Ligand code: FES
């Protein structure tokens, strides 16, 4: 099974890298262009193309700067 990574972008979307399927509340899949290697999901709420990011986070004032705890050792 291939690895999937979900990466937070500072004040931006959640970027999913790896093979995933995005489905709506009824289980119907959103079309994902063939060969696409990552998907950006909106977490600011301003996208006109939800659940996908359309870049509006850059102008809507969304701020998210959380980081993962540093691992020691
Ligand atoms: S995170 Fe990019 S439009 Fe919302």
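The numbers here are math on the coordinates, done by the rules we state, and not lab data. Keep in mind that this is a model prediction, so the values were computed, not measured. Cβ: placed from backbone, ideal geometry, glycine included. Neighbour counts: every protein chain shown.
Some points to look at:
- Scanning region 28-43 for residues that are surrounded by 13 or more Cβ atoms within 10 Å (Cβ to Cβ) and under 16 Å from residue 6 (Cα atoms) gives 39, 40, 41, 42, 43.
Okay, residues lined up against (1) within 11 Å of the ligand (Cβ to nearest atom); (2) without any contact (Cβ under 8 Å) to a residue 24 or more places away in the chain; (3) out of contact with any strand residue (DSSP E or B) (no Cβ under 7 Å at 6 or more places or on another chain); (4) assigned to a loop (DSSP other than H, G, I, E, B):
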{"residue": "3", "(1), (2), (3), (4)": "no, yes, yes, yes"}
{"residue": "11", "(1), (2), (3), (4)": "yes, no, yes, yes"}
{"residue": "16", "(1), (2), (3), (4)": "no, no, no, no"}
{"residue": "31", "(1), (2), (3), (4)": "no, yes, yes, yes"}
{"residue": "35", "(1), (2), (3), (4)": "no, yes, yes, yes"}
{"residue": "47", "(1), (2), (3), (4)": "yes, yes, yes, yes"}
{"residue": "60", "(1), (2), (3), (4)": "yes, yes, yes, yes"}
{"residue": "63", "(1), (2), (3), (4)": "no, no, yes, yes"}
{"residue": "71", "(1), (2), (3), (4)": "no, yes, yes, yes"}
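- The single residue among 25, 2, 68, 48 that is exposed (fewer than 13 other Cβ atoms within 10 Å of the Cβ) and touching a helix residue (DSSP H, G or I) at 6+ places or on another chain (Cβ under 8 Å) turns out to be 48.
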